[in-house]
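> Quick one: the structure is below, questions incoming.
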Amino acid sequence: MMDNSSSMFFLSGLSVTKNYRFIIFCVTFLCYCMILVINSVLIVTIIVYKDLHEPMYILLCTFCINGLYGSSGFYPKFLWDLLSPVHVISYSGCLLQALVMYTSACTDLSILAVMAYDRYLAICRPLEYHSLMSKQRLMKLVCFSVITPFSIISTNIFLTSRLRLCSNYIARLYCVNWIIVALACFPAETLLNNIVAYITIVIYVLHGVVIVWSYIYLIRTCVNSLENRAKFMQTCVPHVTSLLTFLVTILLDIMYIRYGSKDLPQTIQNFIAIEFLVIPPLMNPLIYGFKLTKIQHRILGFCNIKNK
């Protein structure tokens, strides 16, 4: 049985990268730099220009900040591991990494749900939009999107910290809460963890219901109106693309965890495990930057000023 307070976890997912470590480091470093730059450009653009201080853009700014937050929980440690001969992480560091990764994923879904509700109000109830999506309500929704996931996941992590563990090997590139729970010496001790985990799943399934409900009304409203169809294509398509990207990458990992074969090469397992940390943070700001004309014009205008 491990002494949790002083133990170290060994991350065995990197064991197959010995011969390609330098190449993987360069690609990963480039990817992380791109995530930092493109998300920061969108965040700064939205903050600097007052005409972008609208609910849709403020939510997008929060979305990008969360992308940076989630990336910070993986990339620096992963880059360090690529340069290190031993891939270990402290027990407290492992719990902290799991907290960051899970809160980031849950916050993404919360923000996507609020974005869907915002688009529903803007297109389906335009006359009431400014009263229903006031600055005060927007701030409450943003706080809900950030504080609720942190509270829920913190509870999960706290319950995990109580468990007595019998192994310190994690077959991944990073720490995952469910794997730490699976290392418990006494399965009976994990009952409360499992209950809270199922409650967490129900809460975020309800977020999905909000998104589906919003888009049912959006599609019904847009079908018979050329103007609303134009609004849908301009502001909702980026949201739907982000949502699908998020769901596909997360669900692929979950489905593999639940039903996947352990005989798959470790390289493929690693790719499935990290794609939600690579694709959404890179794609989301690009999708919104190219599709939302206000942001596009502001960024292009700033670049033209610089060139002059």
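> Need at least 1 residues that are open to solvent by less than 30 Å² (accessible area, probe 1.4 Å) and in contact with a Lys or Arg (Cβ under 8 Å, 6 or more places away or on another chain) per element, so show me which helices (runs of 4 or more DSSP H) inside region 87-181 make the cut, counting only ones lying wholly within it. Before the answer, list the steps.
On the way: elements: 91-124, 129-132, 135-161.
Ranges flagged: 91-124.
> State whether one or more residues within region 238-261 are assigned to a helix (DSSP H, G or I), polar (S, T, N, Q) and loosely packed, with under 15 Cβ neighbours inside 10 Å.
Within region 238-261, not a single residue is assigned to a helix (DSSP H, G or I), polar (S, T, N, Q) and loosely packed, with under 15 Cβ neighbours inside 10 Å.
> Search region 20-67 for residues being assigned to a helix (DSSP H, G or I) and of a type in the set (Ser, Thr, Tyr), and hand back the single one that is farthest from GLN136 (Cα to Cα).
The residue in question is TYR20.
> Do we find a residue being open to solvent by less than 20 Å² (accessible area, probe 1.4 Å) and touching a residue at least 24 places away in the same chain (Cβ under 8 Å) anywhere in region 224-235? Even if it seems obvious, please write down each step before you answer.
Pass one, region 224-235, residues open to solvent by less than 20 Å² (accessible area, probe 1.4 Å): none.
Checked against the condition, which is being open to solvent by less than 20 Å² (accessible area, probe 1.4 Å) and touching a residue at least 24 places away in the same chain (Cβ under 8 Å), region 224-235 yields no hits at all.
> A further question follows. Of all residues in region 56-108, which are in contact with a helix residue (DSSP H, G or I) (Cβ under 8 Å, 6 or more places away or on another chain), modelled with pLDDT under 90 and among the β-branched types (Val, Ile, Thr)?
ILE89
> What are the pairs with Cβ atoms under 9 angstrom where one residue, in region 170-188, is among the aromatic types (Phe, Trp, Tyr) and the other, located anywhere, is assigned to a strand (DSSP E or B)? Sequence gap at least six, or different chains.
From region 170-188, the pairs are TYR174/LEU11; TYR174/ILE89.
> Could we say that ILE272 is part of a helix (DSSP H, G or I), touching a Leu at 6+ places or on another chain (Cβ under 9 Å) and over 20 Å from ASN66 (Cβ atoms) here?
Yes, satisfied.
> On the given criteria, is THR221 part of a helix (DSSP H, G or I), in contact with a Cys (Cβ under 7 Å, 6 or more places away or on another chain) and surrounded by 15 or more Cβ atoms within 10 Å (Cβ to Cβ)? Walk me through it before giving the result.
Working: part of a helix (DSSP H, G or I): yes; in contact with a Cys (Cβ under 7 Å, 6 or more places away or on another chain): yes; surrounded by 15 or more Cβ atoms within 10 Å (Cβ to Cβ): yes.
The answer is yes for THR221.
> Out of the residues in region 30-81 meeting the condition of being of a type in the set (Val, Ile, Thr) and open to solvent by less than 40 Å² (accessible area, probe 1.4 Å), tell me which one is nearest to ILE279 (Cα to Cα).
Looking at residues that are of a type in the set (Val, Ile, Thr) and open to solvent by less than 40 Å² (accessible area, probe 1.4 Å), I get ILE35.
The values are calculated or read from the model by the stated rules, or taken from the named source; none is laboratory data. Here the structure is a predicted model, which is why all the values come from computation and not from measurement. When we count neighbours, we look across all protein chains shown, and the Cβ atoms used for this are built from the backbone with ideal geometry, even at glycine. Please note that ligands, DNA and RNA were not included when accessible areas were found on the heavy atoms of the full protein model with its side chains. Shrake-Rupley method; radii C 1.70, N 1.55, O 1.52, S 1.80 Å.
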